[in-house]
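**Student:** A single structure is presented below for examination.
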Amino acid sequence: MTTDQDLPMDHQSATALFAAKGIDVTTNKDQGVIKVIKRAGVDGDRPMIGDKVMVHYTGKLVTGKKFDCSRERKEPFCFHVGKGQVLRAWDIAVLSMQRGEVCTLLCKPEYAYGAAGNPDKIPPSSSVVFELELIKFEGEVLTGDGGIVRRIKVKGEGYTNPNDGSIVNVHLEGRCGDRLFDCRDVSFIVGQAEDKSIPLGVDRAMDKMQKGECCLLYLKPKYGFGSEGKPEYKIGPDKDIVYEITLKDFQRAKDSWEMDLKEKLDLSAEVKSKGNQYFKAGRYYQAVIQYQRIISWLEIEYGTGDMQQKKIQDYILTSHLNLALCFLRLKEFTQAVDNCNKVIELDENNEKALYRRGEARLRRNEFSLALADFQQVLQVNSANRAARAQISICQSKIKEHHEKDKKTYANMFQKFAERDAKDNHILSHLSKRLHLQLVFSHFVFHDVRYSCTLKTSTTMC
């Protein structure tokens, strides 16, 4: 598939040719980007704003001179469409394409390289031609584990986003499969969407949205209604769900730098109480959000007096300890250890931090480290019966681990011995065969010499 038959030409004739064969895909219909479909794509979905797309492309001047080609590099090009990461013409055109489609674009300078052009490649104020193939596309992944995927239907306005503590006004529609289970206008505080029966995934996506944005959120069970489901919505356990969210308006909460220390301390008391409420209800992810807010406000603060400084440190220590407990419940043991370490840096004999770190290490099968933590707990408080019980468990696990190692090594050495015995048997067998061959060769050699002697003695000179 090539556009060579359309080249070379000047801008005016190129525009006329493309206009006759293609369609103007610009919003303003100013012929800034004219698209000619060379191969139709697969019927169905098209990319949405923010989707990660993969394309092959060839770029040429209207004269026919090639200036760039991904196929020659044998590597497709990936970008998030509609985010200003590429030429304006590409953002516009790719949103109009289907998977597998190949098209040719004629792009005016203002949609391509502008008045400046591109040194050594694109002359100033030049129209350019691109052949694009849309290989595939997928939604924007908002979390490291792929549990929240966003696809933007309508782009928002401005450059600000809600933060934790913001009050947001949204219209939402929730679906499980083809069934609509929730449709309403609702206001909630970001970080506390649980209070309005809104899943964690919607709450966590809010800080990526802008006013007026409408997007689809594809939520895995962890970010939806989890293993419990949602009986009031007739959602069973471990179900994927989809929410369509329109952010109508929001009021941002104050950022840390906008608050004085008194405000932070007062708000920390409220947020800690909310975190504790979520923890008691078993909403550990929601509790984590609250405790992390406190740390973000106070970790670099320093009080004006001993009493204020102690209050700051108490909030920080308590938040880290509570985070460690949340992560233990969530079975995210590395993060539990990290938060315990933060406490121990400030208070090396903190009984709760040592105990919880021991628990996390035990669950990570780090038995010796866990044992050391529980022993240190007893040094701090010899009456801690739970630590004594954990020490017994650690010692049992260490012994079990050593026995398993002994058995493994014994089996390994037995196999080595069997292999050595087998190798010795083979060597012995080969040695016997070699000995027999040498004996045989000796007799043959003597037999030949005898024959030669006999022949020599009976032959005349």
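The values are calculated or read from the model by the stated rules, or taken from the named source; none is laboratory data. Treat the numbers as computed from the prediction; the structure is a model and nothing was measured. Here the Cβ is made from the backbone with ideal geometry for all residues, glycine too, and neighbour counts use every protein chain on show. Accessible surface is based on the protein model in full, side chains and every heavy atom, while ligands, DNA and RNA are left aside. Shrake-Rupley method; radii C 1.70, N 1.55, O 1.52, S 1.80 Å.
**Student:** Could you grab me the full set of residues in region 123-169 that are closer than 30 Å to V62 by Cβ, of a type outside the set (D, E, K, R), part of a strand (DSSP E or B) and open to solvent by 10 Å² or more (accessible area, probe 1.4 Å)?
**Tutor:** Our first condition is that a residue be closer than 30 Å to V62 by Cβ; within region 123-169, this holds for 123-137.
In the following step, the residues that additionally are of a type outside the set (D, E, K, R) were identified as 123-130, 132, 134-135, 137.
Right, trim to part of a strand (DSSP E or B) and you get 128-130, 132, 134-135, 137.
Within region 123-169, I135, F137 qualify.
**Student:** Just give me the residues in region 175-197 being touching a Pro at 6+ places or on another chain (Cβ under 8 Å) and not in a loop (DSSP other than H, G, I, E, B), in sequence order.
**Tutor:** Within region 175-197, A193 is the sole residue that qualifies.
**Student:** Tally time: how many residues in region 37-54 are surrounded by fewer than 20 Cβ atoms within 10 Å (Cβ to Cβ) and of a type in the set (A, V, I, L, M)?
**Tutor:** Number of matching residues: 4.
**Student:** Still on this structure, I have one more. Find the residue count for region 76-90, including only residues that are surrounded by fewer than 20 Cβ atoms within 10 Å (Cβ to Cβ) and in contact with a strand residue (DSSP E or B) (Cβ under 9 Å, 6 or more places away or on another chain). Before you say what the answer is, go through the steps one by one.
**Tutor:** Of region 76-90, the ones surrounded by fewer than 20 Cβ atoms within 10 Å (Cβ to Cβ) are 76-80, 83-88.
If we keep only those that are in contact with a strand residue (DSSP E or B) (Cβ under 9 Å, 6 or more places away or on another chain) as well, we get 76-80, 83, 85-88.
So the answer is 10.
**Student:** Separate question: Take region 355-397 and flag every residue that is open to solvent by less than 70 Å² (accessible area, probe 1.4 Å) and not in a helix (DSSP H, G or I).
**Tutor:** Answer for region 355-397, where residues must be open to solvent by less than 70 Å² (accessible area, probe 1.4 Å) and not in a helix (DSSP H, G or I): E366, N381, N384.
**Student:** Among the residues of region 214-233, count how many are surrounded by fewer than 23 Cβ atoms within 10 Å (Cβ to Cβ) and under 24 Å from G158 (Cα atoms).
**Tutor:** Of the residues in region 214-233, 2 are surrounded by fewer than 23 Cβ atoms within 10 Å (Cβ to Cβ) and under 24 Å from G158 (Cα atoms).
**Student:** OK, next. Find the residue count for region 330-353, including only residues that are of a type in the set (D, E, K, R), touching a helix residue (DSSP H, G or I) at 6+ places or on another chain (Cβ under 8 Å) and farther than 19 Å from Q390 by Cβ.
**Tutor:** 2
**Student:** How do the helices (runs of 4 or more DSSP H) wholly within region 198-302 filter down when requiring 3 or more residues that are of a type in the set (V, I, T): which remain?
**Tutor:** The qualifying helices (runs of 4 or more DSSP H) are 284-298.
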